[in-house]
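Novice: Please find one structure pasted underneath; my questions will follow.
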Amino acid sequence: MSAAGFAAVDHPADLALRVWAGDRGELFRQAARGLATELWGTAPPTATRETTLAVTGLDAEELLVAWLGEILYVLERDRLALTDFERPEIAAESEGLRLSGRARGFLWDPERRTPRVEIKAPTYHRLAIVPDRQGRFDVTIIFDT
């Protein structure tokens, strides 16, 4: 298994992704990459636009749901399909965690291209981000489809 990555896993009703990495920032990057791959495949159009995303959460799980939700929101609001992600910065604040990161993508024209799967939102179902004995992270994220 690679040091960091993602893979779709069987789920009876929705979409599930297993994501792993050596630290939380890379875990969040891999989760975003996995979401983008499920939406656009492994060879999406060339990324021509760049944006910065920032979200907050009370804990790592809420932050991950907010991060992935923001990626889906940008797709709907701005028609910007994000496909390439830098490792986001995660910082502790007085009321939880803050994530900021840069992402690149392409302008999405729903008349010309449809996502491979319609993803409504990431869920909290069985979501737990806990390091293993070696300090690595492994999480399964379930998305409403």
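Readers should treat all values here as calculations from the given coordinates under stated rules, not as data from a laboratory. Everything numeric here is computed off the predicted structure, so don't read it as measured data. Don't worry about glycine lacking a Cβ; one is built from the backbone with ideal geometry, like all the others, and counts go over all protein chains shown.
Novice: Which condition number does TYR73 fail, the rest of (1) free of Cβ contacts under 8 Å to residues at least 40 places away in the same chain; (2) within 15 Å of ALA91 (Cβ to Cβ) being met?
Specialist: In the conditions (1) free of Cβ contacts under 8 Å to residues at least 40 places away in the same chain; (2) within 15 Å of ALA91 (Cβ to Cβ), TYR73 misses (2) alone.
Novice: Quick one: how many residues across region 97-129 are part of a loop (DSSP other than H, G, I, E, B), over 13 Å from LEU39 (Cα atoms) and either among the polar types (S, T, N, Q) or in contact with a helix residue (DSSP H, G or I) (Cβ under 9 Å, 6 or more places away or on another chain) (or both)?
Specialist: Here is the first cut: in region 97-129, the residues part of a loop (DSSP other than H, G, I, E, B) are 108-120, 123-129.
With over 13 Å from LEU39 (Cα atoms) added as a condition, the list becomes 109, 111-112, 123-129.
From what is left, the residues that are either among the polar types (S, T, N, Q) or in contact with a helix residue (DSSP H, G or I) (Cβ under 9 Å, 6 or more places away or on another chain) (or both) are 123-124, 127-129.
Qualifying residue count, region 97-129: 5.
Novice: Right, here's the next one. Just wondering, is there one or more residues in region 53-61 that are of a type in the set (Val, Ile, Thr), more than 18 Å from VAL117 (Cβ to Cβ) and surrounded by fewer than 19 Cβ atoms within 10 Å (Cβ to Cβ)?
Specialist: Yes: region 53-61 contains one or more residues that are of a type in the set (Val, Ile, Thr), more than 18 Å from VAL117 (Cβ to Cβ) and surrounded by fewer than 19 Cβ atoms within 10 Å (Cβ to Cβ).
Novice: Okay, moving on. Checking the conditions here, which among ASP132, ASP109, ASP84 is exposed (fewer than 15 other Cβ atoms within 10 Å of the Cβ) and either in contact (Cβ under 8 Å) with a residue 12 or more places away in the chain or among the aliphatic types (A, V, I, L, M) (or both)?
Specialist: Values: ASP132 fails: either in contact (Cβ under 8 Å) with a residue 12 or more places away in the chain or among the aliphatic types (A, V, I, L, M) (or both); ASP84 fails: exposed (fewer than 15 other Cβ atoms within 10 Å of the Cβ).
Of ASP132, ASP109, ASP84, the one residue that is exposed (fewer than 15 other Cβ atoms within 10 Å of the Cβ) and either in contact (Cβ under 8 Å) with a residue 12 or more places away in the chain or among the aliphatic types (A, V, I, L, M) (or both) is ASP109.
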